[in-house]
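Asks: Have a look at this one.
The values are calculated or read from the model by the stated rules, or taken from the named source; none is laboratory data. In this text the structure is predicted, and so the values were computed from the model without any measurement. Neighbour counts are summed over all protein chains in view; Cβ atoms, including those assigned to glycine, are modelled from backbone coordinates with ideal geometry. Side chains included, ligands, DNA and RNA excluded: accessible areas come from the protein's heavy atoms. Shrake-Rupley method; radii C 1.70, N 1.55, O 1.52, S 1.80 Å.
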Amino acid sequence: MTAQQQSLWFLHSAVLLFGGTALFSKLIGLPALDITVYRTGVAAIVLFILLTIQKKKIALAKPKDYGVAILLGVVVGIHWVTYFASMQMAGVTVGVIAFFTYPVITVFLEPLLSHAKSRPQIKDIVIAVIVLIGIFLLIPEINLGNQVTVGIITGVISAFFFALRNVLHKNYFSHYSGPHTMLYQTLVAFLMLVLFVEVPPLDVTTNDWLLVLLAGAVFTAMPHALFASALRHLSATTAGLISCLQPLYGSVLAFLLLNERVNVMTIVGGALVISAALFETWSVSKSR
């Protein structure tokens, strides 16, 4: 198996776990910021133990890398808070679809921040318009007083920060392993947000702690480490665009476990967003 094929396996495994992550926004009875803090804390501990057992070096190679690690941690922290907030306000299915605008955002963001100055093509602009139409169909009303509308906007903001994290990681931090990368990102996100926690640790129920441990160990440390590892041999655009199964996984799991149902407009809007990403995936694969 080549390095690129292995990266594709890592990516698909990460997407499967990412699809289940959204459920914790509804299963854990805590605010979005608190879920993020406890989740990142658990993930950082798990990753530190993993690297220690493997006798991997914890310190970074260059002083400037610590600055990049802090920046990535801040970006990831904002992404996670807005991600869970979006699911709590708009529901898992709609929130996941809104978040899934990140592949198209990546197409336009990567040329601005990467070393290879390629420009988006006409088809990329057309696909972006299709995605915007899909997102518009999800919005119940153009009113910031509507919780679902605010949740969709929050999901798109989360998508932007996730795309930014992927591009920055690919260009400035991909020489580190996935677990090494995520150790610093989860640690920085935890330290950045811990002072703003609303529910102190002793007030968190046993059930919520078990879910936090599951979310942090299996659904945070593992998929993000796999995704970061995949980016070492795949471009951020490719990695983002071939993650097309995530909304499907999230929607099916939300229906099976949360009995969350969607209306026709959500299905049509979601189909447009996912179809656009699928077309980009096929287009990129064909060109390569």
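Asks: Determine the pairs where a residue that is open to solvent by less than 40 Å² (accessible area, probe 1.4 Å), located within region 140-166, has a partner that is assigned to a loop (DSSP other than H, G, I, E, B) and hydroxyl-bearing (S, T, Y) with Cβ atoms under 8 Å apart, the partner being 6 or more residues away or on another chain.
Replies: Matching pairs, first to second residue: G155/T101; A159/T101.
Asks: What's the number of the condition F227 fails, among (1) open to solvent by less than 10 Å² (accessible area, probe 1.4 Å); (2) at pLDDT 75 or above; (3) not in a helix (DSSP H, G or I)?
Replies: F227 satisfies every listed condition except (3).
Asks: For region 182-192, what are the residues that are at pLDDT 90 or above and crowded, with 21+ Cβ neighbours inside 10 Å?
Replies: Across region 182-192, the qualifying residues are L183, Y184, Q185, T186, V188, A189, F190.
Per-residue answers, yes or no, for (1) of a type in the set (D, E); (2) part of a loop (DSSP other than H, G, I, E, B); (3) more than 24 Å from I28 (Cβ to Cβ):
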position	(1), (2), (3)
I130	no, no, yes
G145	no, yes, yes
G151	no, no, no
I157	no, no, no
A163	no, no, yes
T181	no, no, yes
L187	no, no, no
L195	no, no, no
G216	no, no, no
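Asks: Residues that are small (G, A, S) and either crowded, with 16+ Cβ neighbours inside 10 Å or in contact with a helix residue (DSSP H, G or I) (Cβ under 6 Å, 6 or more places away or on another chain) (or both): find the helices (runs of 4 or more DSSP H) completely inside region 4-96 holding 2 or more of those.
Replies: 32-53, 63-90
Asks: Restricting to region 233-257, give me the number of residues that are farther than 14 Å from G19 by Cα and either open to solvent by 90 Å² or more (accessible area, probe 1.4 Å) or modelled with pLDDT of 85 or more (or both).
Replies: 1
Asks: Can you tell me which of A32, A14 is within 27 Å of S235 (Cα to Cα) and touching a Phe, Trp or Tyr at 6+ places or on another chain (Cβ under 9 Å)? Step through it out loud before you land on a result.
Replies: Details: A32 fails: within 27 Å of S235 (Cα to Cα).
When all the criteria are applied, what remains is A14.
Asks: Can you give me the number of residues within region 81-122 that are over 18 Å from the mean Cα position of the chain (by Cα) and modelled with pLDDT under 80?
Replies: Just the residues of region 81-122 that are over 18 Å from the mean Cα position of the chain (by Cα), to begin with: 111-122.
Keeping just the survivors that are modelled with pLDDT under 80 gives 113-121.
Total meeting the criteria: 9.
Asks: If I filter region 184-217 down to residues being touching a helix residue (DSSP H, G or I) at 6+ places or on another chain (Cβ under 7 Å) and among the polar types (S, T, N, Q), which single residue comes out as farthest from D34 (Cα to Cα)?
Replies: Only one residue fits best here, namely Q185.
Asks: (1) hydroxyl-bearing (S, T, Y); (2) over 30 Å from A277 (Cα atoms); (3) in contact (Cβ under 8 Å) with a residue 40 or more places away in the chain: which one isn't true of S174, the others all being true?
Replies: For S174, the failing item is (2).
Asks: Going by what's in this entry, would I125 be described as open to solvent by 10 Å² or more (accessible area, probe 1.4 Å), over 19 Å from the mean Cα position of the chain (by Cα) and among the hydrophobic types (A, V, I, L, M, F, W, C)?
Replies: It is true that I125 is open to solvent by 10 Å² or more (accessible area, probe 1.4 Å), over 19 Å from the mean Cα position of the chain (by Cα) and among the hydrophobic types (A, V, I, L, M, F, W, C).
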